[in-house]
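Enquirer: Supplied in structure tokens, the structure appears directly below.
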Amino acid sequence: MSIPNPSAAVVNFGPEKGSVEIREIARPEIGDDDILLEVANVGVCGSDLHQWTADHSWHVNYPVVLGHEFGGHIIQLGKNVRGWKEGDRAVSETAAIVNADSPLTRSGLYNLDPDRKGFGYGVNGAMTKYVRVPSRCLHRVPDNLAFEQACLTEPCCVAYNAVVNNARIQPGDRVIVLGPGTIGILCAVMAKLCGGDVAIVGLEQDKHRLNIAAQYGVTPIVGDATEWAKQRDGLGADLIIDAAGISKTLQIALQLVRPNGHISKVGWGPQPLNFSLDPLVQKNITLQGSFSHNWPIWERVIALMAQGTLDVRPIIGGVWAITDWHEAFEKMHKGEVVKSVLKPV
Ligand SMILES: [Zn+2]
């Protein structure tokens, strides 16, 4: 059977490790409330890598096209779509499916709706030429902001939510970010924008990524950050952002944070913990999770990027054709680049 209007897609076809390959897929049909986006660029996320290496902790609807960090031009509109036209430049939020009637959605917190399904695991994502997007997910991209950068709006929104909405930060605060992946570096950048005195912590093998963080004026630390945390008055950092991909860094966060301080946890790690949470009680710490993002965060982040206040160019390690996805994934997986960006063929 031949596929109508086929295009190459990076497809995650099963739960086993390495179950990702290029497949030809049909151009999606859109519904009345959708638009069809011609993808210009799509970022590779840590979660795409996790699905590839099969160490993810969320349910995946196999087979699925990967990719949820994307932008492009609108080329077709459903009949109910208002406010957009063909040729408009847009980026898309990630909550492809939400329950419009859930109390969370009605409160504007559709990112926390239990029925939410995102691009790249719940529905087909954007590592291909065309993607169907509900128009409620769209945000306008100003002409002066290139898609190679605009496609990274999503991880910037994750960082914004973790640092601004789900933490307490005041100018002059000492902030430590654990984990120099994309989210960690962007959290450090956000904390700088908020006026923080910011350090980022990684391992010996993270040197390259730590150096990129340093380009933003963030202090890079390999290994133990205790000395930096206590440098000012001996009590520890005001805010710890835990952006590492393992759970046990929470123990380090509890050591580094000052009494009455705040920990914002944005990194995932499915492993159970094996340490006492007593320091949380003893030090009167606020421990706050942070997940995803919503409409007002997207509008603010796009404004920050368009006016040049937030520059993601230092973290982009290269742009690959989607057919070269393997090299792009591998380089990011090994930490040789912070962020790989793909381009449809
Ligand atoms: Zn992502």
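The values are calculated or read from the model by the stated rules, or taken from the named source; none is laboratory data. As the structure is a prediction and not an experimental result, all values here were calculated from the model. Because the Cβ atoms are built from the backbone with ideal geometry, glycine has one as well, and the counts that use them run over all protein chains shown. Just the protein is used for accessible areas: all its heavy atoms, side chains included, with ligands, DNA and RNA removed. Shrake-Rupley method; radii C 1.70, N 1.55, O 1.52, S 1.80 Å.
Enquirer: Give Asp34, Asp48 a once-over and let me know the one that is of a type outside the set (S, T, N, Q), surrounded by 17 or more Cβ atoms within 10 Å (Cβ to Cβ) and more than 16 Å from the ligand (Cβ to nearest atom). Spell out the reasoning first.
Expert: Details: Asp48 fails: more than 16 Å from the ligand (Cβ to nearest atom).
Sole residue among the options that is of a type outside the set (S, T, N, Q), surrounded by 17 or more Cβ atoms within 10 Å (Cβ to Cβ) and more than 16 Å from the ligand (Cβ to nearest atom): Asp34.
Enquirer: Give the number of residues within the range 100-126 that are part of a helix (DSSP H, G or I), of a type in the set (A, V, I, L, M, F, W, C) and free of Cβ contacts under 8 Å to residues at least 60 places away in the same chain.
Expert: Qualifying residue count for the region: 1.
Enquirer: Does Val42 count as away from the ligand (no atom under 16 Å from the Cβ) and surrounded by 22 or more Cβ atoms within 10 Å (Cβ to Cβ)?
Expert: In short, no.
Enquirer: Of everything in the range 46-78, what is of a type in the set (Asp, Glu) and assigned to a loop (DSSP other than H, G, I, E, B)? Give them in sequence order.
Expert: Passing the criteria: only Asp55.
Enquirer: Checking Gly120 against (1) touching a Cys at 6+ places or on another chain (Cβ under 9 Å); (2) open to solvent by 30 Å² or more (accessible area, probe 1.4 Å), which test does it fail?
Expert: Among (1) touching a Cys at 6+ places or on another chain (Cβ under 9 Å); (2) open to solvent by 30 Å² or more (accessible area, probe 1.4 Å), Gly120 violates only (2).
Enquirer: Would you call His73 at pLDDT below 95, surrounded by fewer than 20 Cβ atoms within 10 Å (Cβ to Cβ) and either under 19 Å from Asp32 (Cα atoms) or under 20 Å from the mean Cα position of the chain (by Cα) (or both)?
Expert: Taking the combined requirement at face value, the residue does not satisfy it.
Enquirer: When both residues are 6+ apart or on different chains and their Cβ atoms are under 8 Å apart, which pairs have a first residue that lies in the range 331-343 and is under 14 Å from Ile185 (Cα atoms), and a second that is small (Gly, Ala, Ser) and part of a loop (DSSP other than H, G, I, E, B)?
Expert: Val338/Gly181
Enquirer: Of all residues in the range 66-122, how many are within 16 Å of the ligand (Cβ to nearest atom) and small (Gly, Ala, Ser)?
Expert: So the answer is 8.
Enquirer: A further question follows. Just one of Val198, Val177 is out of contact with any Ser or Thr (no Cβ under 9 Å at 6 or more places or on another chain), farther than 24 Å from Ile74 by Cβ and open to solvent by less than 10 Å² (accessible area, probe 1.4 Å); which is it?
Expert: After ruling out the rest, the residue left standing is Val177.
Enquirer: For the range 51-65, name all the residues that are more than 13 Å from the ligand (Cβ to nearest atom) and open to solvent by 20 Å² or more (accessible area, probe 1.4 Å).
Expert: Trp52, Thr53, Ala54, Asp55, Ser57, His59, Asn61, Tyr62, Pro63
Enquirer: Right, something else. Take Ile169 and decide whether it is over 30 Å from Leu77 (Cα atoms), open to solvent by less than 20 Å² (accessible area, probe 1.4 Å) and not polar (S, T, N, Q).
Expert: Taking the combined requirement at face value, the residue does not satisfy it.
Enquirer: Evaluate the following for Ala90: is it part of a loop (DSSP other than H, G, I, E, B) and of a type in the set (A, V, I, L, M, F, W, C)?
Expert: no
Enquirer: Which one of Glu21, Glu29 is of a type in the set (Asp, Glu), closer than 30 Å to Gly269 by Cβ, more than 20 Å from the chain's Cα centre (by Cα) and away from the ligand (no atom under 16 Å from the Cβ)?
Expert: The conditions single out Glu21.
Enquirer: Okay, moving on. Answer yes or no: is there a residue in the range 4-12 that is open to solvent by less than 70 Å² (accessible area, probe 1.4 Å), within 15 Å of the ligand (Cβ to nearest atom) and at pLDDT 95 or above.
Expert: The answer is yes, given that some residue of the range 4-12 is open to solvent by less than 70 Å² (accessible area, probe 1.4 Å), within 15 Å of the ligand (Cβ to nearest atom) and at pLDDT 95 or above.
Enquirer: Can Asn161 be described as surrounded by fewer than 24 Cβ atoms within 10 Å (Cβ to Cβ) and either under 30 Å from Ala237 (Cβ atoms) or more than 16 Å from the ligand (Cβ to nearest atom) (or both)?
Expert: yes
Enquirer: Quick check on the range 195-205. Is at least one of its residues in contact (Cβ under 8 Å) with a residue 40 or more places away in the chain and within 16 Å of the ligand (Cβ to nearest atom)?
Expert: No, because not a single residue in the range 195-205 is in contact (Cβ under 8 Å) with a residue 40 or more places away in the chain and within 16 Å of the ligand (Cβ to nearest atom).
Enquirer: Restricting to the range 318-345, what's the tally of residues that are within 16 Å of the chain's Cα centre (by Cα) and under 23 Å from Glu38 (Cα atoms)?
Expert: Count: 5.
Enquirer: Only one of Ser102, Ser107 is farther than 23 Å from Thr182 by Cβ, hydroxyl-bearing (Ser, Thr, Tyr) and open to solvent by 70 Å² or more (accessible area, probe 1.4 Å); which?
Expert: Matching residue, one of Ser102, Ser107: Ser107.
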